[in-house]
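The values are calculated or read from the model by the stated rules, or taken from the named source; none is laboratory data. Computed from a predicted structure; not experimentally measured. Note that we place each Cβ from the backbone using ideal geometry, even for glycine, and neighbour counts take in every protein chain shown.
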């Protein structure tokens with residue numbers, strides 16, 4: 001078939017005689033007609049095939065091939081027509097290289113569009129593609145742009161017969177120098193890539209890096225992550241610091257809820273059934289931010305030396321509501337326990353004195369700066385021979 005086409009083209013050239021410009025025009029005209037025909041028929045056939053197999057992606061690909069297919073055929077013919085130009089080899093080379101460069105750019109743009117389409121479809125299918133997510137999609141798109149652009153530039157230089165060896169060597173030296181100068185920046189960038197790929201937290205999550213650095217994630221970038229604290233302060237954290245730290249994601253549980261712990265200390269002798277019943281009721285009614293499921297529950301966590309330690313557990317959907325729930329629950333506990341004559345445990349010192357107390361001045365009770373009672377015993381010898389404690 002190709003031999004037949006070449007023979008037919010040669011006959012057409014013979015009919016035109018020794019007229020180079022007419023020959024160039026004839027080749028470009030034939031290329032234009034073929035490009036029109038193929039770019040109309042092939043996408044239509046692909047669309048029918050995609051509809052037959054019920055493939056939406058096939059229809060999108062068919063629509064995307066129309067323009068690239070037309071320019072591919074037309075520019076290929078235009079490049080071949082340069083052989084008939086009545087000029088020197090230099091002009092022919094420049095013209096052919098120019099057509100090749102335009103063709104390479106068109107093909108690169110087409111490949112990039114197809115790649116972005118595939119990546120966007122992969123980002124929507126989280127079950128099969130765990131790495132390509134809506135949050136990491138811009139990263140993969142940027143990587144695709146860089147790789148395709150580098151490949152296109154290499155092909156364009158090859159079309160112009162430019163030796164890339166010296167350029168690559170120079171680029172390597174420059175890259176090494178820049179890498180050493182921007183070590184910290186590159187560390188942030190690589191950490192950002194890992195964060196976007198692994199997804200330890202998402203936009204809107206409440207994270208905690210240390211007691212003073214915690215808040216809602218508002219931005220995840222290549223170099224840094226931004227969080228907004230409860231005090232409405234925006235903190236910019238380098239990704240390298242996050243990559244080397246322990247990050248607590250308060251919003252990443254399977255149920256998307258955060259547990260609030262409210263400790264309560266009661267003295268021995270307290271009616272535990274009554275106290276736990278009150279705490280369970282307070283957990284359900286203290287705030288609208290408390291989730292109905294899991295149900296708030298009070299448990300005894302420890303039998304201390306001088307008191308019982310109880311813990312009221314309840315859940316909130318938004319970690320930011322934690323402080324408001326703590327405030328409401330503590331106020332309700334104080335009021336309800338007071339109404340039901342349930343006392344709270346407090347630090348107490350029981351002192352047993354062996355021997356007689358001579359006067360009231362022997363024992364003095366004073367208030368310390370932190371509110372605890374300090375007992376001073378005067379003029380009473382102890383077993384170790386000291387007279388003052």
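Brief remarks on what is shown
- Criterion violated by residue 212 - all others in (1) surrounded by 11 or more Cβ atoms within 10 Å (Cβ to Cβ); (2) without any contact (Cβ under 8 Å) to a residue 24 or more places away in the chain; (3) not assigned by TED's automatic domain parsing to the domain that holds residue 114 satisfied: (1)
- Test: residue in region 191-201 that is surrounded by fewer than 12 Cβ atoms within 10 Å (Cβ to Cβ), modelled with pLDDT of 85 or more and not in a helix (DSSP H, G or I): no
- When the test is whether a residue is on the phi < 0 side of the Ramachandran plot and in contact (Cβ under 8 Å) with a residue 24 or more places away in the chain, residue 107 passes it.
- Count of residues meeting criterion [buried (at least 17 other Cβ atoms within 10 Å of the Cβ) and assigned to a loop (DSSP other than H, G, I, E, B)] in region 219-246: 1
Rundown of residues vs (1) assigned by TED's automatic domain parsing to the domain that holds residue 22; (2) more than 41 Å from the chain's Cα centre (by Cα); (3) under 18 Å from residue 27 (Cα atoms), yes/no style:
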{"position": "44", "(1), (2), (3)": "yes, no, no"}
{"position": "63", "(1), (2), (3)": "yes, no, no"}
{"position": "67", "(1), (2), (3)": "yes, no, no"}
{"position": "79", "(1), (2), (3)": "yes, yes, yes"}
{"position": "87", "(1), (2), (3)": "yes, yes, yes"}
{"position": "90", "(1), (2), (3)": "yes, yes, no"}
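- Single match in 221, 243 (criterion: touching a helix residue (DSSP H, G or I) at 6+ places or on another chain (Cβ under 6 Å), touching a residue at least 24 places away in the same chain (Cβ under 8 Å) and outside the structural domain of residue 322 (by TED's automatic domain parsing)): 243
- Of all residues in region 317-345 being closer than 30 Å to residue 205 by Cβ and modelled with pLDDT under 90, the one that is surrounded by the fewest Cβ atoms within 10 Å (Cβ to Cβ): 323
- When residues of region 309-326 are limited to those that are assigned to a strand (DSSP E or B) and within 30 Å of the chain's Cα centre (by Cα), the one nearest to residue 274 (Cα to Cα): 314
- Remark: residue 272 matches the filter, which requires a residue to be under 21 Å from residue 339 (Cβ atoms) and without any contact (Cβ under 8 Å) to a residue 40 or more places away in the chain.
- So residue 162, is it assigned by TED's automatic domain parsing to the domain that holds residue 99 and assigned to a loop (DSSP other than H, G, I, E, B): yes
- Test for residue 233: is it assigned by TED's automatic domain parsing to the domain that holds residue 333 and at pLDDT 90 or above: no
For (1) farther than 22 Å from residue 151 by Cα; (2) in contact with a helix residue (DSSP H, G or I) (Cβ under 9 Å, 6 or more places away or on another chain), each residue gets a yes or a no:
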{"site": "34", "(1), (2)": "yes, yes"}
{"site": "42", "(1), (2)": "yes, yes"}
{"site": "47", "(1), (2)": "yes, yes"}
{"site": "63", "(1), (2)": "yes, yes"}
{"site": "67", "(1), (2)": "no, yes"}
{"site": "74", "(1), (2)": "yes, yes"}
{"site": "86", "(1), (2)": "yes, yes"}
{"site": "90", "(1), (2)": "yes, no"}
{"site": "100", "(1), (2)": "no, yes"}
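- The set of residues in region 224-238 being in contact (Cβ under 8 Å) with a residue 24 or more places away in the chain and in contact with a strand residue (DSSP E or B) (Cβ under 6 Å, 6 or more places away or on another chain) consists of 224, 225, 237, 238.
- Residue match in region 178-190 (condition: farther than 30 Å from residue 94 by Cβ, exposed (fewer than 13 other Cβ atoms within 10 Å of the Cβ) and under 18 Å from the mean Cα position of the chain (by Cα)): no
- Close contacts from region 13-28, counting a first residue that is in the same structural domain as residue 86 (by TED's automatic domain parsing) and loosely packed, with under 15 Cβ neighbours inside 10 Å and a second that is in a helix (DSSP H, G or I) and at pLDDT below 65, with Cβ to Cβ under 8 Å and a gap of 6+ residues or different chains, come to 22/16.
- Candidate set from region 120-159 (those that are free of Cβ contacts under 8 Å to residues at least 40 places away in the same chain and assigned to a loop (DSSP other than H, G, I, E, B)); member that is nearest to the chain's Cα centre (by Cα): 134
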